[in-house]
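S.K.: Mind having a look at this structure? Questions to follow.
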Amino acid sequence: MSTEAPVQPSAPGRKVNRIGLESLAYRGSKTTLCAGCGHNAITERIIDSFFDLGIDPTQVIKLSGIGCSSKAPAYFLNSAHGFNSVHGRMPSVGTGAVVANRKMIAIGISGDGDTGAIGIGQFVHLMRRNLPIVYVIEDNGCYGLTKGQFSPTADLGSTLKTGVVNDLPPIDTCALAIELGASFVARSFSGDPKQLKAILKAAISHRGTAMIDVISPCVTFNDHEGSTKSYAYVKDHDEPLSDVSFVPFFEEISVEYDAGTTKEVTLHNGSKIMLTKMTEDYQPTDKISALRLLHETMARGEYATGILYIEPDKQDFIELLGIVDEPLAGLPESKTRPGKAALDEIMESFR
Amino acid sequence: MSVTDVAVQETASQSRTERIVNDFSLQVATVNGSGSQTANLVLLRSIFQMGVPVSGKNMFPSNIAGLPTWYTIRASSKGYIGRKKEVDFLVAMNPETAREDVMTLPPGAAAVYDEPLKLKDLRTDVVFYPVPFDKLITPITHDAKLRRLVRNMIYDGVLSRLLSIDMGHMEKALRKQLGKKEKAVALNMSALKAGYDYAEANLPKLDPFVVEPMDKTKGLILIEGNAAAAIGCMMAGVTFVGWYPITPSSSLCESLIDYLKKYRKDPETGKATYAVIQAEDEIAALGMVVGAGWMGARAMTSTAGPGISLMAEFTGLGYYVEVPAVIFDVQRVGPSTGLPTRTAQQDVLATAILSHGDTKHPLLLPASVNECYTMAMEAFDLAERLQTPVFVLSDLDLGMNTWMSSTFDYPTKPLDRGKRLDAAALKRLGEFARYRDVDGDGIPYRTVPGDGMPAYFARGSGHNEKAQYSERADDYANNLDRLARKFETARTLVPKPDVTMARDTRIGLIGYGTTHWAIVESRDQLVADYGIDTSYLRLRAYPFTPEVGQFIDRCDRVYVVEQNRDAQMLSLLKMECTPEQFAKLRSVLHYVGLPIDGRSVTTELVKQEQVATT
């Protein structure tokens with residue numbers, strides 16, 4: 001990922017980032033989601049994160065599937081190309097896109113139905129490939145766009161507004177992602193701007209699949225008593241795993257951390273995340289610890305939030321493919337059409 | 001299962017005392033997994049090397065080992081390389097099918113068989129050549145596994161003697177098949193010689209079939225359509241391949257991978273100038289292709305019927321978002337899983353209008369291995385020019401069987417990357433609107449991520465010409481009308497049909513794909529046996545170009561010959577025909593899983609002509 005755009009002098013009186021862009025340059029069209037929707041809060045954090053990191057929005061691609069969540073890419077980074085594809089299939093579109101142009105920074109926005117139900121197959125294989133992409137699940141436990149049916153992340157025993165009780169256990173997308181090979185897995189809450197922004201910035205700076213499940217209450221269909229993904233429930237049952245601080249590679253680390261309680265993780269581009277531990281023995285680089293934590297908190301009806309698992313040096317899919325450094329999509333004919341000698345040699349082999 | 005069930009009834013008993021030179025169909029019946037492919041290809045290649053036109057068709061089960069397989073080699077001095085229905089010369093190696101294989105031979109045929117099968121009392125009108133394969137293989141090697149593998153070379157030796165196939169050519173062909181594995185060559189050669197010597201000493205020639213040298217294969221190659229298509233894709237500059245294994249298309253991507261590995265490494269860095277991803281299913285395969293195509297890569301996938309069904313949704317997305325994609329459909333027999341290892345042309349309608357809503361897609365229709373190569377390149381150019389998914393409809397017969405062909409020409413036209421917005425175009429147009437019909441041909445300008453040009457938001461939902469979400473009636477209708485206009489532009493860009501107008505006839509034939517080879521032969525039969533002259537149009541693409549309507553206008557009756565039950569191409573033609581043209585169309589259909597043969601076309605056409613003219 002190239003975050004190394006030239007530093008621009010700031011225009012007087014206006015707040016600009018290190019490449020001289022105002023926050024406005026990171027905004028998108030006006031949201032059409034319900035007022036108070038958790039997804040809108042996530043959109044704001046995405047805007048903040050790209051702005052803070054000073055990433056050129058024209059070097060970003062935004063992808064999504066179908067659903068309320070999947071409308072979100074239209075609401076941020078207007079000058080980035082976007083692709084609102086088909087239900088549950090954003091991972092494959094993203095895979096083709098990222099492989100075709102390895103220079104672009106990809107962010108995919110999905111929902112709990114788009115990922116956990118119709119898209120679970122593609123989700124599984126995306127995690128497995130460790131494709132460089134930030135994959136955000138805006139998780140409200142229900143289908144908003146079709147008016148509130150349960151999704152596969154709805155908790156056992158939670159109720160619909162109509163009183164219908166969910167009698168199947170939820171899929172934990174974080175546990176799944178860790179198990180399958182994603183190299184950055186986090187969970188956050190749309191109502192926790194500080195943590196979410198720190199996680200998003202770290203995810204954008206990470207090379208490999210960064211999967212973030214963001215609990216994002218549906219104000220219209222799933223924000224009532226009996227729902228385990230309502231604001232009230234999540235606020236009460238959120239167990240922050242660690243206090244996440246993100247330091248981009250271009251900023252001097254000036255904050256002091258207590259060595260005894262802080263874990264520092266260096267990302268591929270030199271950025272650092274500081275995880276100030278709240279749980280004594282938690283190791284974010286250990287799969288077993290991460291999975292144990294998820295199971296234990298889940299059993300208590302709690303959500304562990306923060307960066308659950310990170311493997312900063314894992315080979316990503318692009319490296320694995322051994323492709324040229326320049327974008328495949330932009331290769332000229334001279335590099336993609338072999339000469340006549342090649343064809344002659346092939347023809348000779350069939351004589 | 002009988003390959004030749006109707007042959008007995010159709011071929012009149014005739015005495016075959018004369019020599020029949022370079023004109024027969026030879027069938028080897030084995031069990032799959034027994035390693036007969038080497039022996040069969042050596043046989044095919046030897047006849048080819050002697051200058052005699054040949055074709056090889058493998059009829060195999062959807063199974064890895066243990067089920068019956070038939071390999072048919074046709075030698076034809078006249079150059080017919082379609083299927084011949086009758087088997088003239090049988091090699092019966094499979095105990096399970098031997099009896100039926102023999103019973104379905106036409107009178108006057110010959111059969112080499114494994115002696116313990118005791119077949120010779122089954123028929124009096126067939127020449128039998130018993131060969132004790134196990135006895136002959138015993139002295140050649142002690143290794144039981146090797147014995148099984150080289151056992152088949154013995155029948156090559158026997159046939160070399162019986163059909164006068166030059167042993168020198170056999171050895172040359174064997175070396176071509178095995179490469180530099182000297183030990184293997186030596187072992188196979190001794191089996192070959194054992195067969196030859198046995199036949200020379202014990203089997204006096206009693207049948208009329210012989211091979212004599214000709215000069216009709218000079219400079220030609222033997223190749224499968226899937227390999228030819230793979231070469232075409234590489235020469236088309238493909239940069240992204242997403243695929244999922246499925247018979248009979250797998251060998252297309254597998255060949256392509258081999259060629260790409262060899263010829264598409266960056267000379268400076270040694271890194272790949274392409275990516276091939278084996279996806280988790282066909283949905284993801286096309287999803288990846290759509291993503292890569294949106295990015296500006298030359299992207300393709302290859303599949304067969306069940307994969308086409310799964311690709312429906314993404315094809316519709318590609319059509320509506322206007323993303324180039326090349327989809328090879330190596331057709332097999334459906335519906336559902338159907339007969340995965342048998343051939344058909346059953347996906348014509350499905351691909352032409354694949355996906356819900358109003359959609360239509362260009363189809364290219366290769367008939368030969370050469371067209372598999374050229375149309376692969378044309379497909380990429382068309383997909384980028386038209387910014388839409390383009391299908392190439394091959395089939396199992398073309399894709400997996402061995403065909404004779406002239407060598408492929410190096411492309412002379414540069415790649416057509418289509419209408420890309422650049423700084424000059426942007427200045428000229430004033431502003432960028434992704435779906436605005438600036439040139440009146442329905443094809444808008446596009447930008448791709450990372451090209452420095454303005455971005456747009458690609459979406460499968462309703463959109464206006466600026467790619468913004470819209471549910472407005474006029475935005476929707478205008479966009480759909482423009483897409484229809486674009487399809488009219490496609491009509492001017494796709495390959496035109498091959499037309500042969502015969503004088504003094506009002507009977508026409510329309511064919512496409514591998515049906516061509518049966519039609520070529522049938523037209524000769526119609527003249528020779530019935531005095532019926534025919535005009536012929538071979539479709540090479542959909543949408544149909546004006547030549548098709550003109551052809552129908554110049555005929556009284558037009559027989560559309562195809563390999564499916566429901567006359568799918570005829571149905572597509574009817575969608576565009578005038579009522580007068582419509583009334584002229586008739587169907588000749590063939591859908592038994594085996595490639596269509598000339599005699600079937602002739603018989604059916606004559607039958608319908610008799611009805612039409614009385």
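The values are calculated or read from the model by the stated rules, or taken from the named source; none is laboratory data. Nothing here was measured: the structure is a model prediction, and the numbers come from that model. Positions of Cβ are generated from backbone atoms using ideal geometry, with glycine treated the same way; all protein chains shown enter the neighbour counts.
S.K.: Within segment B:404-433, take every residue that is of a type in the set (S, T, N, Q) and surrounded by fewer than 20 Cβ atoms within 10 Å (Cβ to Cβ) and give me the one that is nearest to the other protein chains (Cβ to nearest Cβ). Can you show your working first?
M.R.: Initially, segment B:404-433 is screened for residues of a type in the set (S, T, N, Q), giving B:405-407, B:412.
Filter once more, keeping what is surrounded by fewer than 20 Cβ atoms within 10 Å (Cβ to Cβ): B:406-407, B:412.
Details: B:Ser406: 10, B:Thr407: 4, B:Thr412: 11 Å.
Result: B:Thr407.
S.K.: Are any of the residues in segment B:498-513 closer than 19 Å to B:Ala379 by Cβ, in the same structural domain as B:Tyr559 (by TED's automatic domain parsing), crowded, with 22+ Cβ neighbours inside 10 Å and in contact (Cβ under 8 Å) with a residue 24 or more places away in the chain?
M.R.: yes
One line per residue, one yes/no per condition, for (1) part of a helix (DSSP H, G or I); (2) not polar (S, T, N, Q):
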position: B:Gly287; (1), (2): yes, yes
position: B:Met300; (1), (2): no, yes
position: B:Gly307; (1), (2): yes, yes
position: B:Thr315; (1), (2): yes, no
position: B:Tyr320; (1), (2): yes, yes
position: B:Val326; (1), (2): no, yes
position: B:Val330; (1), (2): no, yes
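S.K.: Here is a list: B:Lys57, B:Lys84, B:Lys118. Which entry is charged (D, E, K, R) and without any contact (Cβ under 8 Å) to a residue 24 or more places away in the chain?
M.R.: Criteria check complete, one pass: B:Lys118.
S.K.: What number of residues in segment B:434-483 are in contact (Cβ under 8 Å) with a residue 24 or more places away in the chain, within 9 Å of chain A (Cβ to nearest Cβ) and hydroxyl-bearing (Ser, Thr, Tyr)?
M.R.: 2
S.K.: Let me ask something else about it. Could you please give the count of residues in segment A:326-351 that are surrounded by fewer than 17 Cβ atoms within 10 Å (Cβ to Cβ), under 24 Å from B:Ala299 (Cα atoms) and either among the hydrophobic types (A, V, I, L, M, F, W, C) or at the interface with chain B (Cβ under 7 Å from one of its Cβ atoms) (or both)?
M.R.: Residues meeting the conditions: 2.
S.K.: Do the conditions hold for B:Tyr263, that is, is it modelled with pLDDT of 95 or more, surrounded by fewer than 23 Cβ atoms within 10 Å (Cβ to Cβ), in contact with a helix residue (DSSP H, G or I) (Cβ under 9 Å, 6 or more places away or on another chain) and within 9 Å of chain A (Cβ to nearest Cβ)? Before the answer, list the steps.
M.R.: Working: modelled with pLDDT of 95 or more: yes; surrounded by fewer than 23 Cβ atoms within 10 Å (Cβ to Cβ): yes; in contact with a helix residue (DSSP H, G or I) (Cβ under 9 Å, 6 or more places away or on another chain): yes; within 9 Å of chain A (Cβ to nearest Cβ): yes.
Spelling it out, B:Tyr263 is indeed modelled with pLDDT of 95 or more, surrounded by fewer than 23 Cβ atoms within 10 Å (Cβ to Cβ), in contact with a helix residue (DSSP H, G or I) (Cβ under 9 Å, 6 or more places away or on another chain) and within 9 Å of chain A (Cβ to nearest Cβ).
S.K.: How many of the residues making up segment B:308-348 are more than 14 Å from chain A (Cβ to nearest Cβ) and in contact (Cβ under 8 Å) with a residue 40 or more places away in the chain?
M.R.: Within segment B:308-348, the subset more than 14 Å from chain A (Cβ to nearest Cβ) is B:308-309, B:328-348.
Checking which are in contact (Cβ under 8 Å) with a residue 40 or more places away in the chain leaves us with B:308-309, B:328-333, B:339-348.
Qualifying residue count, segment B:308-348: 18.
S.K.: Might you check whether a residue that is closer than 20 Å to B:Thr492 by Cα, touching a residue at least 12 places away in the same chain (Cβ under 8 Å) and charged (D, E, K, R) occurs anywhere in segment B:562-578?
M.R.: yes
S.K.: Return a yes/no flag: does segment B:437-444 have any residue that is in a strand (DSSP E or B), crowded, with 18+ Cβ neighbours inside 10 Å, over 31 Å from the mean Cα position of the chain (by Cα) and at pLDDT 95 or above. So that I can check it myself, show each step before the final result.
M.R.: Our first condition is that a residue be in a strand (DSSP E or B); within segment B:437-444, this holds for none.
Looking for residues that are in a strand (DSSP E or B), crowded, with 18+ Cβ neighbours inside 10 Å, over 31 Å from the mean Cα position of the chain (by Cα) and at pLDDT 95 or above, one finds none in segment B:437-444, hence no.
S.K.: Specify which of the listed residues (A:Ile307, A:Ile253) is at pLDDT below 90 and away from every other protein chain (no Cβ under 14 Å).
M.R.: A:Ile253
S.K.: Every residue in segment A:143-179 that is in contact with a strand residue (DSSP E or B) (Cβ under 6 Å, 6 or more places away or on another chain) and in a loop (DSSP other than H, G, I, E, B), please.
M.R.: Within segment A:143-179, A:Gly148, A:Ser151, A:Thr153, A:Asn166 qualify.
S.K.: Now, a different point. Looking at segment A:134-144, is at least one residue polar (S, T, N, Q) and at pLDDT 95 or above?
M.R.: Initially, segment A:134-144 is screened for residues polar (S, T, N, Q), giving A:140.
Filter once more, keeping what is at pLDDT 95 or above: none.
There is no residue in segment A:134-144 that is polar (S, T, N, Q) and at pLDDT 95 or above.
S.K.: Select from segment B:283-297 the residues that are closer than 17 Å to B:Arg385 by Cα and within 7 Å of another protein chain (Cβ to nearest Cβ) and list them in ascending order. Please lay out each step first, then the result.
M.R.: Taking segment B:283-297 and keeping what is closer than 17 Å to B:Arg385 by Cα, we get B:289-290, B:292-297.
Passing the criteria: B:Val289, B:Val290, B:Ala292, B:Trp294, B:Met295, B:Gly296, B:Ala297.
S.K.: Shifting gears a bit: Note down all Cβ pairs under 9 Å where the first residue falls in segment A:12-32 and is exposed (fewer than 11 other Cβ atoms within 10 Å of the Cβ), the second is acidic (Asp, Glu), and they're at least six residues apart or on different chains.
M.R.: Going by the 9 Å Cβ cut-off, the qualifying pairs are A:Arg14/A:Glu22; A:Lys15/A:Glu22.
S.K.: Also, quick follow-up: Could you tell me whether any residue of segment A:284-304 is under 24 Å from A:Arg207 (Cα atoms), assigned to a strand (DSSP E or B), within 22 Å of the chain's Cα centre (by Cα) and modelled with pLDDT of 85 or more? Give the steps one after another, and end with the answer.
M.R.: From segment A:284-304, those under 24 Å from A:Arg207 (Cα atoms) are A:284-291, A:294, A:304; that's our starting set.
Okay, now just the ones that are also assigned to a strand (DSSP E or B), so A:304.
Right, trim to within 22 Å of the chain's Cα centre (by Cα) and you get A:304.
Subsequent filtering for residues that are modelled with pLDDT of 85 or more retains A:304.
Yes - at least one qualifying residue is present in segment A:284-304.
S.K.: Continuing with the same structure: Go through segment A:310-325 and count every residue that is more than 10 Å from chain B (Cβ to nearest Cβ) and assigned to a loop (DSSP other than H, G, I, E, B).
M.R.: The number of residues fulfilling the criteria is 6.
S.K.: Further, regarding this structure: Kindly check whether there is at least one residue in segment B:381-392 that is of a type in the set (Asp, Glu) and touching a Phe, Trp or Tyr at 6+ places or on another chain (Cβ under 9 Å).
M.R.: No, there is no match, as no residue in segment B:381-392 is of a type in the set (Asp, Glu) and touching a Phe, Trp or Tyr at 6+ places or on another chain (Cβ under 9 Å).
Each row is one residue, and each column tells you yes or no for (1) crowded, with 24+ Cβ neighbours inside 10 Å; (2) at pLDDT below 95; (3) under 19 Å from B:Arg446 (Cβ atoms).
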position	(1), (2), (3)
B:Arg298	yes, no, yes
B:Met311	yes, no, no
B:Ile327	yes, no, no
B:Thr343	yes, no, no
B:Gly357	no, no, no
B:Leu365	yes, no, no
B:Val369	yes, no, no
B:Tyr373	yes, no, no
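S.K.: From the set of residues in segment A:88-126 that are facing chain B (nearest Cβ under 7 Å), assigned to a helix (DSSP H, G or I) and hydrophobic (A, V, I, L, M, F, W, C), which is farthest from A:Ala182 (Cα to Cα)? Lay out the reasoning, then the answer.
M.R.: Keep residues of segment A:88-126 that are facing chain B (nearest Cβ under 7 Å), which gives A:89, A:92-97, A:99-101, A:103-104, A:121-122, A:125.
Cutting the leftovers down to assigned to a helix (DSSP H, G or I) gives us A:92-97, A:99-100, A:121-122, A:125.
Then drop every residue that is not hydrophobic (A, V, I, L, M, F, W, C), which leaves A:93, A:97, A:99-100.
Values: A:Val93: 18, A:Ala97: 19, A:Val99: 17, A:Ala100: 21 Å.
Applying the filter and picking the extreme gives A:Ala100.
S.K.: Farther than 29 Å from A:Asp325 by Cα, not assigned by TED's automatic domain parsing to the domain that holds B:His169 and not small (Gly, Ala, Ser): which single residue out of B:Pro248, B:Pro204 fits that description?
M.R.: Working: B:Pro204 fails: not assigned by TED's automatic domain parsing to the domain that holds B:His169.
Just a single option satisfies the conditions, and that option is B:Pro248.
S.K.: Scan segment B:237-259 for residues that are assigned to a loop (DSSP other than H, G, I, E, B), more than 14 Å from chain A (Cβ to nearest Cβ) and of a type outside the set (Val, Ile, Thr) and jot them down.
M.R.: Of all residues in segment B:237-259, those assigned to a loop (DSSP other than H, G, I, E, B) come to B:237-239, B:244-249.
From what is left, the residues that are more than 14 Å from chain A (Cβ to nearest Cβ) are B:245-249.
Matches in segment B:237-259: B:Pro245, B:Pro248, B:Ser249.
S.K.: Limited to segment A:210-239, what total is found for residues that are in contact with an Asp or Glu (Cβ under 8 Å, 6 or more places away or on another chain) and outside any helix (DSSP H, G or I)?
M.R.: 10
S.K.: So, of the residues in segment B:342-391 that are assigned to a strand (DSSP E or B) and either in contact with a Pro (Cβ under 6 Å, 6 or more places away or on another chain) or charged (D, E, K, R) (or both), which turns out to be farthest from A:Arg337 (Cα to Cα)? Before you say what the answer is, go through the steps one by one.
M.R.: Here is the first cut: in segment B:342-391, the ones assigned to a strand (DSSP E or B) are B:342-343, B:363-364, B:389-391.
The next check asks that each one be either in contact with a Pro (Cβ under 6 Å, 6 or more places away or on another chain) or charged (D, E, K, R) (or both); those that pass are B:342-343, B:390.
Details: B:Arg342: 34, B:Thr343: 32, B:Val390: 20 Å.
Step by step, filter segment B:342-391, then rank; the result is B:Arg342.
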